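Student: Can you keep this structure in mind? I'll have questions shortly.
The values are calculated or read from the model by the stated rules, or taken from the named source; none is laboratory data. These numbers were taken from a predicted model, which means no experiment stands behind them. All Cβ positions, glycine included, derive from the backbone under ideal geometry; neighbour counts span all protein chains shown. Ligands, DNA and RNA are excluded from the accessible area calculation, which covers all protein heavy atoms including side chains. Shrake-Rupley method; radii C 1.70, N 1.55, O 1.52, S 1.80 Å.
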Amino acid sequence: MWLTSKIKQVLLVIKPGTVTLPYPFEPHPVPEGYRGQPSWDHHKCIGCGGCAAHCPARTIFIRDLCQDLRVMVYDGGRCTYCGRCADVCPEKAITMTKNYELATGSKKDLCTTMELFMATCNRCGRCYEMETKNAIDRMNLKGYRYDNLEMRAVLPVCTEQFDTGMLAKSDRFKRPERIGE
Amino acid sequence: MDILLIVVNVVVFLGLAPLFEGIIRKLYAKVQSRKGPPIVQPYYDLIKLLGKERLTPGNVAFKLAPMMAFASIVTVIMLVPLGFKVNILTQYADIITVIYVLTLGGVSVLLGALSSRNTYAMVGASREMITMIMVEPVLAMTLIMGALKAKGLAVSTSFFSVGDTGYGWGVALMLVVFLMALQAFVGRQPFDISEAEIEIIEGPFIEYSGPYLALFKYFMMIKQMFYAFLFVTVFMPFLQTGYYLANIGTQLGGILAVVVLISLVGSTNPRLRIEQAVRYYAVLILLSLTAVGLTVYGI
Amino acid sequence: MATIQALTDQLKKKFGNAVTGVENPSATQLFIDFKKEKVREICNEVLAQGGRYLVSVGTDNLAKDGTLGLIHTFAFDKEHYFLSLRTATKESEPIESITPDIPNAGWSEREYMDLLGMKFTNHPKPKKLVTADDWPSDIYPLRKEVPFNIKPLAAENVAYQLDECPEGCSIVPFGPYHPTQHEPAHFALFVDGETIKGSDYRGFMIHRGVEKLAQTQISYNEIPFLAERICGICGSVHAASYSQAVEIAVGHKISRRAEYIRTIMLEIERVHSHLLWLGVAGHLIGFDTVFMQAWRVREPIMWLGERLTGNRKTYGMIVIGGVRRDITPELKQDILNVIGTIEKEMITIKNAIIGDTAIHRRTKDVGYVSTEDTIKWSLVGPVARARNVDIDVRRDMPYAAYDEMKFSVPVVDCNDVWGTVLVRVLETFEAISIIRQALDKMPNDGPILTPFEDAVPAGMHGITAVEAPRGEVTHYVITGEENRPERWRVRAPTYPNLQGVPMMLLNNQLADVPIIIGSIDPCFSCTERMEVVDLRNGGMKVMSQSELEALSRNKR
Ligand code: SF4
Ligand code: SF4
């Protein structure tokens, strides 16, 4: 029994030969449809914010610096490469590239920032009312997110002691409300 | 001239032990369908370790242990008859000395482990101790058999006794037993119990790092080569060619064969539990005693 | 036979007014509300009727009606339905523990002591389980008013007290970091010589607050991606399970084709997971060649996953309403080719190891647990099937397209680690056959994704189980407002199985610890998905190397 098993094991290992790849020297082949690092095409993007609202990792941030400048930041440090953003983008502005070698010494290398010029309405000077009637927001129930870009880098600080009164004061913990409420 | 032979001994052993280790690693890799590290990797490892910082739990015994182990193994290799040629030191040593000094190496490992006071090291040390007690007799019996055949304890005669007085059933049995114990001598699967990375994280060596670890590693490599060498010298006297340098060549060839065997067995076996291993060792001891008995009766 | 009707009648008869409500929204779900005083009796009655304990779900209804809810869930495998026993208690009032009768409820109850501040009477081991040692005792992180990212100050000198070490034994620590475990978990082994006389477990060191995040931060359609990341090996299982739970809760039908694709993905995952385990098991007994060879055979299926879904492991395939990518005819052929080779290789591996006495020596009679104990402790998956307990939710509670698949459930009665090896090897062949059948029978049309039409109504309950490679995964969802679940409870198979490990370890050798722990194919990250806990006590403090050295040297 033992010997036959050993012989079978030796036969098992002889056939395949060496299978490991000389990896860092030769890249590993990547198939079609691979979900690597997402990349944005700022020519196509209309700044609808769909990708930001659908990102499960909450790693696309949006902020309107002024009425006609919208900043979008993709912070790859937390990206899960799920490809959800590319799925929902109405303009197909996002492609999941085949780039998977993303190790880097600085998180900044993984970030993409887009500054989008948002046209305003010729008549009223404003496209839509931000808070309650935004049709794009209604695409999903979550609503438009207005991110504090500076805050995203700041780790939540230690809560010295916890009491419910503190919660009431803090706006960080406010539960998002439904549109129209 | 006398000194030169010793120097050759030291250079060959110290120089080639990591190479054989590298060969073993490469063969393991081949069996596992991997590319494996370059054959010279153990040299790099040693050099790298030697250059690292020395971290110790501040205990003299802890620092002494690797040096003692290394010194003991170097002592042994200085007096062995490399190239089937005795050198000036050989005559001062008999097989008792060899066994004694080899055991000292094992004891140093224990010493280092115990002085590190790590739980895993303790477990490793107790396992190492059991292994030593159980496999050392096989080594002793092998050498005693040689001494019996040569009718003298001197290394110079007992190492060559098989060549001088021929094979017999006793020798054949001993040869098999030695082969079976080989994995335990060199601490490879299925008998790498005292180091068992998965269970007790390298056991006795867990607290070692840097140059001290390098010394222990070097010690293990040389020990591995020494046991292969012992097998070749005692049981393969037919490798003698009559020329010193050619002898060294054939001996190294023999060692290579043994090393291949070690890696094949090692890579196709799981590790045993200590109590299973002890049963196995007990059988080996009995067999080796039988072999000595057979030799006494000249069979 | 305790059919839904029979069980309802029996419980109503026996407990009369204590049963306050019965709900039977679908053929596989039965919800019974009852008064909390009778919790132990009712659970015992359910056990007597043939119920198998799954998990308990604690909920926070404080804002609504000032109570904390507790749901004990059971499976009736023969009758193919899930039973959820719902009760509630005032914040200050204790509730009776069911752990003395159902040992596996121990962790669930401890979890809610930590996370919801529930109080249990008669709990045999009311120690901290989930929260960090220095977590303040008056913050219950799963409560609604507690923010998801709260970080209390780290405290000093609050170490977990290990159980009493038996007389004459010494403690060998296994973990938190140990080569055996690929994730942190701490087993304290009480060892006499090399024989284990007892153990204590302190885990939950890698909580990521998955449930809290889902309940406070992201929305229904994004949770599958989060769920998938609960486990690095059987992610699809969690995504599938969560999606099904939501679909069942709101009665959402998905297309048959999508169900078939889900089935295929789940089985592909099983093949790769079992091969992975086989390799790891080899590694754990010091047999690295089995390790490397099993993983070599596994690699093509990872690449297949990459071609099918775009990623080798986190498939991101299964979402609520169906799947994201279709299986085209080319991909179908591709799958057939890959599983064909794998089957051939698997046969070779099987022949090479099945008779290897060297492996037998390390696995037979190791980690013995009797069949009765296995049932008593509600162990699941291959761990149970290796101990002659015939359960498999693919057969018992068919989901996706399993109702149309023909497969056998391998059950052996070795009761040891070797049994789990056998079961897993045999299951791999079954999985390959299921993939073939599914590809064969899959309907050619139908949408692969059926999204929700309207907003999900709140307050619906749904429970499902999916047979993961390591046992069944149970998800319980209560739908909520704001497009996200009010409560989402995940129970990974390691959760019950890990509770059985001390029993398996008892009287075994130290050398067998790795393979015994390995035999349940532990997935600590699955088990510990629970709460946002910062374990990096004082992690903000930067230590210099010399400080660190000094600290580690002075530890004795
Ligand atoms: S790939 Fe997924 S995680 Fe990454 S940015 Fe897109 S949606 Fe977010
Ligand atoms: S979804 Fe597409 S178009 Fe909309 S903001 Fe994102 S990238 Fe731009």
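Student: What pairs come out if I take residues in the range C:122-148 that are without any contact (Cβ under 8 Å) to a residue 12 or more places away in the chain and within 11 Å of another protein chain (Cβ to nearest Cβ) and pair them with residues that are in a loop (DSSP other than H, G, I, E, B) and acidic (Asp, Glu) whose C-beta lies under 9 Å away, six or more apart or interchain?
Tutor: Taking only residues 6 or more apart or on different chains, not a single pair turns up.
Student: Further question on the same structure: For the range B:187-204, which positions are assigned to a helix (DSSP H, G or I) and surrounded by fewer than 24 Cβ atoms within 10 Å (Cβ to Cβ)?
Tutor: Passing the criteria: B:197, B:198.
Student: If you take the residues in the range C:469-501 that are among the small types (Gly, Ala, Ser) and within 16 Å of residue C:238 (Cα to Cα), which one is surrounded by the fewest Cβ atoms within 10 Å (Cβ to Cβ)?
Tutor: C:471
Student: I've got another one for you. Looking at (1) in contact with a Phe, Trp or Tyr (Cβ under 6 Å, 6 or more places away or on another chain); (2) within 14 Å of chain B (Cβ to nearest Cβ), can you tell me which one residue C:227 breaks?
Tutor: (2)
Student: Residues in the range C:355-381 that are over 30 Å from residue C:43 (Cα atoms) and open to solvent by 60 Å² or more (accessible area, probe 1.4 Å): how many? Give the derivation first.
Tutor: Narrowing the range C:355-381 to residues over 30 Å from residue C:43 (Cα atoms): C:355-366.
Still in the list and also open to solvent by 60 Å² or more (accessible area, probe 1.4 Å): C:361, C:364-365.
Residues in the range C:355-381 being over 30 Å from residue C:43 (Cα atoms) and open to solvent by 60 Å² or more (accessible area, probe 1.4 Å): 3 in total.
Student: Counting only residues that are more than 10 Å from every other protein chain (Cβ to nearest Cβ) and in a helix (DSSP H, G or I), how many does the range C:492-522 have?
Tutor: Result for the range C:492-522: 15.
Student: Select, from C:85, C:116, C:153, C:142, the only residue that is more than 30 Å from residue C:395 (Cβ to Cβ) and in contact with a strand residue (DSSP E or B) (Cβ under 6 Å, 6 or more places away or on another chain).
Tutor: On the way: C:85 fails: more than 30 Å from residue C:395 (Cβ to Cβ); C:153 fails: in contact with a strand residue (DSSP E or B) (Cβ under 6 Å, 6 or more places away or on another chain); C:142 fails: in contact with a strand residue (DSSP E or B) (Cβ under 6 Å, 6 or more places away or on another chain).
Exactly one of C:85, C:116, C:153, C:142 is more than 30 Å from residue C:395 (Cβ to Cβ) and in contact with a strand residue (DSSP E or B) (Cβ under 6 Å, 6 or more places away or on another chain), namely C:116.
Student: Okay, next question. Quick one: count up the residues across the range C:18-33 that are over 17 Å from residue C:6 (Cβ atoms) and either in a strand (DSSP E or B) or of a type outside the set (A, V, I, L, M, F, W, C) (or both). Give the steps one after another, and end with the answer.
Tutor: Taking the range C:18-33 as the starting set, the residues that turn out to be over 17 Å from residue C:6 (Cβ atoms) are C:18, C:20-21, C:25-26, C:33.
After this cut, where a residue has to be either in a strand (DSSP E or B) or of a type outside the set (A, V, I, L, M, F, W, C) (or both) as well, the list is C:20-21, C:25-26, C:33.
Residues meeting the conditions: 5.
Student: Please state which one of C:321, C:316 is away from every other protein chain (no Cβ under 11 Å), in contact with a helix residue (DSSP H, G or I) (Cβ under 9 Å, 6 or more places away or on another chain) and open to solvent by less than 60 Å² (accessible area, probe 1.4 Å).
Tutor: C:321
Student: Residue by residue through the range B:141-160, note down the ones that are in contact (Cβ under 8 Å) with a residue 60 or more places away in the chain, surrounded by 20 or more Cβ atoms within 10 Å (Cβ to Cβ) and of a type in the set (Gly, Ala, Ser).
Tutor: Answer for the range B:141-160, where residues must be in contact (Cβ under 8 Å) with a residue 60 or more places away in the chain, surrounded by 20 or more Cβ atoms within 10 Å (Cβ to Cβ) and of a type in the set (Gly, Ala, Ser): B:146, B:158.
Student: Follow-up question, since we're still on this one. Select, from B:277, B:291, the only residue that is within 14 Å of chain C (Cβ to nearest Cβ), open to solvent by less than 40 Å² (accessible area, probe 1.4 Å) and not β-branched (Val, Ile, Thr).
Tutor: Checking each option against the conditions leaves just B:277.
Student: Turning to a different aspect of this structure: Tally up the residues in the range C:472-491 that are closer than 19 Å to residue C:386 by Cβ and at pLDDT below 85, please.
Tutor: 0
A quick yes/no check of all residues on (1) surrounded by fewer than 22 Cβ atoms within 10 Å (Cβ to Cβ); (2) more than 23 Å from residue C:511 (Cα to Cα); (3) of a type in the set (S, T, N, Q):
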residue: B:241; (1), (2), (3): yes, yes, yes
residue: B:244; (1), (2), (3): yes, yes, no
residue: B:261; (1), (2), (3): yes, yes, no
residue: B:269; (1), (2), (3): no, no, yes
residue: B:287; (1), (2), (3): yes, yes, no
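Student: Return the total of residues in the range A:73-89 being within 9 Å of ligand 1 (Cβ to nearest atom) and either more than 14 Å from chain C (Cβ to nearest Cβ) or surrounded by fewer than 22 Cβ atoms within 10 Å (Cβ to Cβ) (or both).
Tutor: 10
Student: Which of the residues belonging to the range B:222-248 are out of contact with any Phe, Trp or Tyr (no Cβ under 9 Å at 6 or more places or on another chain), assigned to a helix (DSSP H, G or I) and not aliphatic (A, V, I, L, M)?
Tutor: Listed by number, the list holds a single entry, B:238.
Student: Also, I was wondering about something else. What residue, of B:133, B:99, is more than 14 Å from chain C (Cβ to nearest Cβ), over 20 Å from residue B:225 (Cα atoms) and either assigned to a helix (DSSP H, G or I) or among the acidic types (Asp, Glu) (or both)?
Tutor: Working: B:99 fails: over 20 Å from residue B:225 (Cα atoms).
Result: B:133 is the single residue among B:133, B:99 that is more than 14 Å from chain C (Cβ to nearest Cβ), over 20 Å from residue B:225 (Cα atoms) and either assigned to a helix (DSSP H, G or I) or among the acidic types (Asp, Glu) (or both).
Student: Now, a different point. For the range C:391-401, does any single residue satisfy the condition of being in a loop (DSSP other than H, G, I, E, B), of a type in the set (Phe, Trp, Tyr) and touching a helix residue (DSSP H, G or I) at 6+ places or on another chain (Cβ under 8 Å)?
Tutor: Among the residues of the range C:391-401, at least one is in a loop (DSSP other than H, G, I, E, B), of a type in the set (Phe, Trp, Tyr) and touching a helix residue (DSSP H, G or I) at 6+ places or on another chain (Cβ under 8 Å), which makes the answer yes.
Student: So the check is Cβ under 7 Å with 6+ separation or different chains; which pairs have a first residue in the range A:47-58 that's more than 9 Å from every other protein chain (Cβ to nearest Cβ) and a second one that's open to solvent by less than 20 Å² (accessible area, probe 1.4 Å) and near ligand 1 (Cβ under 6 Å from one of its atoms)?
Tutor: If the second residue must be open to solvent by less than 20 Å² (accessible area, probe 1.4 Å) and near ligand 1 (Cβ under 6 Å from one of its atoms), the pairs left are A:51/A:60; A:51/A:85; A:52/A:60.
Student: Looking at (1) open to solvent by 20 Å² or more (accessible area, probe 1.4 Å); (2) basic (Lys, Arg); (3) more than 8 Å from ligand 1 (Cβ to nearest atom), find the lone condition where residue A:70 falls short.
Tutor: Among (1) open to solvent by 20 Å² or more (accessible area, probe 1.4 Å); (2) basic (Lys, Arg); (3) more than 8 Å from ligand 1 (Cβ to nearest atom), residue A:70 violates only (1).
Student: Is it the case that some residue within the range A:91-102 is away from ligand 1 (no atom under 16 Å from the Cβ) and either in contact with a Phe, Trp or Tyr (Cβ under 6 Å, 6 or more places away or on another chain) or within 30 Å of residue B:36 (Cβ to Cβ) (or both)?
Tutor: yes
Student: Within the range A:19-44, take every residue that is more than 16 Å from ligand 1 (Cβ to nearest atom) and away from chain C (no Cβ under 12 Å) and give me the one that is most open to solvent (accessible area, probe 1.4 Å).
Tutor: Ranking the candidates gives A:25 first.
Student: Considering only the range C:65-82, how many residues are farther than 19 Å from residue C:377 by Cα and open to solvent by less than 10 Å² (accessible area, probe 1.4 Å)?
Tutor: Within the range C:65-82, residues that are farther than 19 Å from residue C:377 by Cα and open to solvent by less than 10 Å² (accessible area, probe 1.4 Å) number 4.
Student: Counting only residues that are in contact (Cβ under 8 Å) with a residue 60 or more places away in the chain and open to solvent by 10 Å² or more (accessible area, probe 1.4 Å), which one in the range C:1-20 is farthest from residue C:93 (Cα to Cα)?
Tutor: By that ranking, first place goes to C:1.
Student: Next question. Restricting to the range C:232-261, and then to whatever is within 14 Å of the chain's Cα centre (by Cα) and within 14 Å of chain A (Cβ to nearest Cβ), can you tell me which residue is nearest to residue C:59 (Cα to Cα)?
Tutor: Kept after step one, since they are within 14 Å of the chain's Cα centre (by Cα), are these residues of the range C:232-261: C:232-242.
Checking which are within 14 Å of chain A (Cβ to nearest Cβ) leaves us with C:232, C:235-236, C:238-239, C:242.
Details: C:232: 27, C:235: 25, C:236: 26, C:238: 20, C:239: 22, C:242: 17 Å.
Only one residue fits best here, namely C:242.
Student: Does residue A:16 satisfy being away from ligand 2 (no atom under 12 Å from the Cβ), without any contact (Cβ under 8 Å) to a residue 60 or more places away in the chain and within 14 Å of another protein chain (Cβ to nearest Cβ)?
Tutor: Here the answer is yes, as residue A:16 does meet what is asked.
Student: I'd like the full set of residues that are away from ligand 1 (no atom under 13 Å from the Cβ) and open to solvent by 10 Å² or more (accessible area, probe 1.4 Å), limited to the range A:45-62.
Tutor: A:45, A:46, A:48
Student: Return the residues of the range C:324-377 that are away from chain A (no Cβ under 14 Å), without any contact (Cβ under 8 Å) to a residue 40 or more places away in the chain and over 29 Å from the mean Cα position of the chain (by Cα); say none if nothing qualifies.
Tutor: Hits for the range C:324-377 are C:329, C:333, C:337, C:340.
Student: In addition: So, restricting to helices (runs of 4 or more DSSP H) that lie completely within the range B:1-81, which ones have at least 3 residues that are within 12 Å of another protein chain (Cβ to nearest Cβ)?
Tutor: Hits in the range B:1-81: B:2-31.
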